[in-house]
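Bear in mind that the values in this text are calculations on the coordinates, not laboratory data. This one's a predicted model, so the numbers in the text were calculated from it and none came from an experiment. Methodologically, a virtual Cβ is constructed for each residue, glycine included, from the backbone with ideal geometry; neighbour enumeration extends over all protein chains shown.
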Amino acid sequence: MRIGLISPYSLTIPGGVQAQVLGLARELRKMGHEARVLGPCDGPPPEPFVTPLGNSLPMAANGSIVPLAPDPSAALRTIRAINDEAFDVLHLHEPIAPGPTVTALLLRLAPMVGTFHAAGDIAWYGRLSKGVNWIADFLDVRVAVSPQARELAHRYLGGEYEILFNGIENDLYLRPEISRGEHKSVFFCGRYEPRKGLATLLEAFEKLADDVELWVASDGEGIGELKAKYVHDSRISWLGRITDAEKIERLAKCSVFCAPSLHSESFGIVVLEAMASGAPVVASSLEGYRNVATHDVNGWLVEPGDVPGLVEGLAKIIADKKLAERLRQGGLERAKDLSMRHLAEIYVEIYHKVLERESFNPDHHPKSRVVRMFSDRVLRKPQQL
């Protein structure tokens, strides 16, 4: 099967959606399918099976800055790539995010599956939904990665959604050759945004024992103020943005991984990565994280912003090796349940069901025909991209 996975976000900038798109494509290719990924790239494509659609622009969404490509040149590249590849099915991630996924929806050159990842307050849902909600009807199947993602999409777009988990490539994360040793360390990894709760973690860390280290793998506007505030605490290592390889190594070494987000987490992929690495997890008791972790079973959950609760959870896991091992084993089992292979197998079933439907007709909507007439003219003319 020829499968085109489309990301609206730059594939060369780390992010949860990008990781899901690339990981799903890798797994589909292992299963023998011809899967390719289309998306913006700010530099060389991260994988040989990626078709770059140009550079991205930073845009605000849900308390984050996301790398989108809503410009005309990206749209033209998207039109050409979809036309050239002749995919059997298209899988759009964040289908109404400005850029390539919306272009693909408008073209409707193949049956389409849409996966909705976002939760919380996403600016373009409110601004664009009234103008483009009709194109959501072009999706043959709608999937949401969590009840929170479904609620956001349904609020603005209506429709029915199947809930499927985000997957994890377990073989990439489990590193049994790396020992956690006797050192005591807490690991935080993620873009710096106030909602990620790094300030709360730092406040809690001040109250932990002097022999505990904190590794902060984060960068972004505003983190300099925190670094300045804690500049004299030599126990804190400010790592900046790190590679996936270094993240995986530190997950394998740390005593505990901490995800202290304050709000707006759709699915706890960072928590799942830590579980797959065998790291005990302390995380905020947000709905998105509770999709993955259960308190005192495969993680330790505290109320968002609860500094004393965070101190208690971190200190307890660092001090109690039996508790840490129980949570570690529970996390490994949970990661097996949410493997990328399992997710890919479910999506392949969905793709087959979509292809078996006799109702697919790319001309069923007059607006779609108009868009394709325009794209045909574009494709006939050489363009300087």
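Nearest 10 degrees, 0 to 90: what angle lies between the long axis of helix 244-253 and the longest principal axis of the chain (Cα atoms)?
With both axes taken from Cα atoms, the answer is about 30 degrees.
Report the charge-dipole magnitude of region 176-217 in Debye, nearest 20, computed about the Cα centre from +1 at each Lys and Arg Cβ and -1 at each Asp and Glu Cβ.
The dipole magnitude comes to about 300 debye.
How much mean residue ellipticity at 222 nm does the chain get from its helices, if each DSSP H run of length 4 or more adds -39500 (n - 2.57) and you divide by all residues, to the nearest 500 deg cm²/dmol?
That calculation yields -12500 deg cm²/dmol at 222 nm.
Taking amide hydrogens as modeled 1.01 Å from N in the peptide plane, which residues meet the under 5 Å criterion relative to G167, leaving out close sequence neighbours?
Those lying under 5 Å, H to H, from G167: there are none.
Given the convex hull of the Cα atoms of the chain, what is a quarter of its surface area in nm²?
If you wrap the Cα atoms of the chain in a convex hull and average its projections, you get 18.7 nm².
For the chain, build the charge dipole from Cβ charges (+1 Lys, Arg; -1 Asp, Glu) around the Cα centre, then report which of P8, V231, V270 sits farthest towards its positive end.
P8
Taking the Cα centre of region 170-337 as the origin, how large is its charge dipole in debye, to the nearest 20, when only Lys and Arg (+1) and Asp and Glu (-1) carry charge on their Cβ atoms?
220
For V89, list long-range residues whose amide hydrogen, built 1.01 Å from N in the peptide plane, is under 5 Å from its own amide hydrogen.
Correct list: R2, G4.
Let me know the charge dipole size of the chain about its Cα centre in debye, to the nearest 20, where only the beta-carbon of Lys, Arg (+1) and Asp, Glu (-1) is charged.
In total the dipole reaches around 840 debye.
For region 18-36, list residues with backbone N below 17 Å from a point placed 7 Å from the Cα of H342 toward its Cβ?
24, 27-28
Once both axes come from the Cα atoms, what is the angle between helix 307-319 and the longest principal axis of the chain, in degrees from 0 to 90, rounded to 10?
Here the helix axis deviates by roughly 70 degrees.
Once the Cα gyration tensor of region 170-337 is found, what semi-axes does its equivalent ellipsoid get, as square roots of 5 times the eigenvalues, in whole Å, sorted largest first?
Each semi-axis is √(5λ); the values are 22, 17, 16 Å.
So if each residue of separation counts as 0.36 nm, and I subtract the Cα-Cα distance between W134 and I163, what length gain in nm does that give? If you can, show how the numbers build up before the last one.
Values: separation 29, 0.36 × 29 = 10.44 nm, distance 2.16 nm.
Once the chain is fully extended between W134 and I163, it gains 8.3 nm.
Among residues other than G305 whose Cβ falls under 13 Å from its Cβ, what is the net charge (Lys/Arg +1, Asp/Glu -1)?
-1
For E246 and E34, what is the calculated FRET efficiency with R₀ set at 30 Å and r taken between the beta-carbons, to the nearest 0.05?
0.40
For the chain, with the dipole built from +1 on Lys and Arg beta-carbon atoms and -1 on Asp and Glu ones, taken about the Cα centre, which of P46, V102, G330 lies farthest toward the positive end?
Of the options given, the answer is V102.
Anything over 32 Å Cα to Cα? Flag those among K184/K227; K227/K253; K207/K336; K247/K321; K30/K196, in the order listed.
K207/K336; K30/K196
Once you place label points 7 Å from the Cα toward the Cβ at R175 and I65, how far apart are they in nm?
Once both label points are built, they end up 2.9 nm from each other.
Would you mind putting 294-300, 87-93 in packing order, based on average other-beta-carbon counts within 10 Å, highest first? Intermediate values should be presented prior to the final figure.
Working: 294-300: 18.1, 87-93: 25.4.
Highest mean packing first, the order is 87-93, 294-300.
For region 1-50, report the % of Cα-Cα distances exceeding 16 Å.
Numbers: 353 of 1225 pairs.
Summing the P(r) tail past 16 Å for region 1-50 gives 29 percent.
Just subtract the alpha-carbon distance of V231 and K207 from 0.36 nm times their residue separation and send over the number in nm, one decimal.
Numbers: separation 24, 0.36 × 24 = 8.64 nm, distance 1.62 nm.
Taking 0.36 nm per residue and subtracting the Cα distance, the gain is 7.0 nm.
Could you give each residue of region 22-30 its phi-based ³J(HN,Hα) in whole Hz, using Karplus coefficients 6.51, -1.76, 1.60 with θ = phi - 60°, and x for Gly or Pro?
5, x, 5, 4, 4, 5, 4, 5, 4
Could you work out how much longer the chain between M1 and D306 gets when fully extended? Use 0.36 nm per residue separation minus the Cα distance between them, nm to one decimal.
Residue separation times 0.36 nm, minus the Cα-Cα distance, leaves 104.9 nm.
Got a sec? Charge dipole of the chain, +1 on Cβ for Lys and Arg, -1 for Asp and Glu; which of W215, Y351, S185 is way out at the positive end?
Y351
Once both labels are modelled 7 Å past Cα along the beta-carbon direction, what's the E151-L355 spacing in nm?
3.7
Give the average over all directions of the projected area of the C-alpha convex hull of region 1-91, one decimal, in nm².
About 5.6 nm², averaged over all directions.
So how do 67-73, 270-276 stack up, highest first, on mean other-Cβ count within 10 Å? Each step should come with its number before you reach the end.
On the way: 67-73: 18.9, 270-276: 27.9.
Top of the packing list down: 270-276, 67-73.
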